[in-house]
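Below you will find the structure I want to go over with you.
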Amino acid sequence: MLRLSLQLWLAAGLFAVGYVGSLPLSSSASQPQSCHLLSNTQETPCFDLLNKTEHYQIREYHGNLYWISAVSQSKDWNTAVGEGFKHNFGYISGQNAESKKIPMTAPVLASRSTRGVFVDFFLPTEFYPPPAPTSDEVKLFQVRHRLRYAVMEFGGFAHETKFQTKLQELAEVWTTQSYNRSPKS
């Protein structure tokens, strides 16, 4: 049975993303390299493309990355995403312990759980280790292990209804196609 932990990428060329596994890093894992998927200036997390079909890609994102996260309790998706974005944007605009201005990156992730709507920003590698947040609304965290995602691209702004529709499409395609979902040996 496939267990997906789902997130929405709010970036140009939007993605529906389903988490399909993680791999621990070796203790000798090095500093992540910077990757520029969307432009020469906007950093994105590096990934290895493991499989590409007509409908989706399997990507394995490198580990040892820092992110910031803000949660909103708003029931309305757009309001919650806006609130989380505002708090995180304050952090990268200099509202952090070192008053550093940090460039915007992609993706911006949004996900709903029983604790609210979480909005996460990837932090550029040149700012590692990143400054501590000064707002209680923003949490800093590090993802040490590699993460494997099934990714389906789609255009336009992804309101929650569109995201849920694309998510269902991804789940249907995923269950009808055979792909080796086990980690590399």
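Beyond 11 Å, what percent of the Cα pairs of segment 117-166 remain? Don't jump to the answer; show the numbers that get you there.
Working: 991 of 1225 pairs.
Pairs farther apart than 11 Å: 81 percent.
Taking 0.36 nm per intervening residue step and subtracting the Cα-Cα distance, what contour gain separates Thr134 from Lys86 on full extension? Numbers along the way, then the final one.
Working: separation 48, 0.36 × 48 = 17.28 nm, distance 1.42 nm.
Difference between extended and current length: 15.9 nm.
Is the C-alpha gyration tensor of segment 52-99 telling us rounded, prolate or oblate? Criteria: a/c under 1.5 is rounded; beyond that, a/b larger than b/c is prolate, otherwise oblate.
The shape class here is oblate.
Oh, and also: Provide the gained length on full extension for the span Gln177 to Gln142, in nm with one decimal, where the gain is 0.36 nm per separating residue minus the Cα-Cα distance.
9.3 nm
Still on this model: Per residue, how many Å² of accessible area does segment 83-174 show with a 1.4 Å probe?
50 Å²
Over segment 72-185, what percent of the accessible surface lies on carbon and sulfur atoms, probe 1.4 Å?
52 percent
Take the Cβ-Cβ distance between Asn78 and Cys35 as r, set R0 to 25 Å, and report the resulting FRET efficiency rounded to the nearest 0.05.
0.30
The values are calculated or read from the model by the stated rules, or taken from the named source; none is laboratory data. The structure displayed is predicted, hence computed values, not measured ones. A quick note on method: Cβ atoms are made from the backbone with ideal geometry, for glycine too, and the neighbour counts reach across all protein chains shown. The accessibility values were calculated without ligands, DNA or RNA, using every heavy atom of the protein model including side chains. Shrake-Rupley method; radii C 1.70, N 1.55, O 1.52, S 1.80 Å.
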